[in-house]
Amino acid sequence: LKKSEEAAATIMGFQFSTKYKENLRQSSSVLMIDQGGGSTEVSLYKEMHLVGSHSVNLGTEILRNYLFQHNTGNVNLHQALTDTDRLVVERLKTFYKSEIGIWLKEHPENAYCVAVGTAITKATGKSSNAEQHDYVMTYEKISSVMDSIHNQLIDKYPNVESLFKVVDSHSYGYNDRVDAKLTVRLGLKMFQRLMQQYNITSITVSGTGLWYGIYFQELLGLANNKEKIQ
């Protein structure tokens, strides 16, 4: 699928499954942030029609690799996490100058914001997609989760090497839990910065994946074809 096709399907999956349908209808614009491992797609919709997407060349896996590859083993973990945050700040400068970024700045009526991706869904603290779906994350909540995980990590792992040994090990799932926390800590910085830049007060988390949207598109296509035949 093209990026535009993925964006259209993702918002459709949310549109059909959310309890906030009225909020979507009343919003003049909707912003979808889809954060993956290699990039983050930011899409703008007006009246639920895609008007444009911009791909930020930065995702959670790139941030994780940057943290470990650009810091020697004995580098203080707090400093390494802070330096990785600067990469987010730098990469977003290009988005701010994009057509979507400029439009959002010129229309400060606060677009309704929806987000998908591992960092934002795990930040809810809910275990299943159904529980994560429609969970509203305020700016304060996102900042609180970031600070909490940051402090947990630096309290337990004094330097980058000690953290890497854990996430690179095979200790019966413990490394997965630590790696998940690291993903949330690194990924949330992008949401926090975008909310700051565009005065976005809250983000609604979508627990529906891309395939939900594809399913609804196919279902609507079948329904439309049936109407034509009749």
**Asked** Share of Cα-Cα pairs in the chain beyond 29 Å, in percent?
**Response** 30 percent
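In cubic angstrom, how much convex hull volume per residue do the alpha carbon atoms of region 103-214 span? List each step's numbers first, then the result.
Numbers: hull volume 14.3 nm³, N = 112.
It comes to 127 Å³ per residue, whole-number rounded.
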**Prompt:** With each label point set 7 Å from Cα along the Cα-Cβ vector, what nm distance links S202 and E131?
**Reply:** 2.0 nm
**Item:** Normalised per residue, the volume of the convex hull around the Cα set of region 68-149 (Å³)
**Value:** 138 Å³
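Figure the gain on full extension for K46 and S169 (residue separation times 0.36 nm, minus the Cα-Cα span) and round it to one decimal in nm.
On the way: separation 123, 0.36 × 123 = 44.28 nm, distance 4.61 nm.
Full extension from K46 to S169 adds 39.7 nm.
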**Message:** Accessible area of the chain with a 1.4 Å probe: how many percent of it is carbon plus sulfur?
**Reply:** 50 percent
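If you count the DSSP beta bridges with both ends in the chain, what percent of them are antiparallel, to the nearest 5? Before the final figure, lay out each step's value.
Values: 17 of 24 bridges.
The antiparallel proportion sits near 70 percent.
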**Item:** Rounded to whole Å, sorted largest first: equivalent-ellipsoid semi-axes of region 115-178, Cα gyration tensor
**Value:** 25, 16, 8
**Request:** Sticking with the crude label model, points 7 Å out along Cα→Cβ, report the distance from E140 to N76 in nm, one decimal please.
**Result:** 3.0 nm
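At 1.4 Å probe radius, can you tell me the per residue accessible area of region 1-127 in Å²? Walk me through the intermediate numbers first.
Working: 6240 Å² over 127 residues.
On a per-residue basis, region 1-127 sits at 49 Å².
The values are calculated or read from the model by the stated rules, or taken from the named source; none is laboratory data. Computed from a predicted structure; not experimentally measured. Backbone-built Cβ (ideal geometry, glycine too); neighbour counts: all protein chains shown. Please note that ligands, DNA and RNA were not included when accessible areas were found on the heavy atoms of the full protein model with its side chains. Shrake-Rupley method; radii C 1.70, N 1.55, O 1.52, S 1.80 Å.
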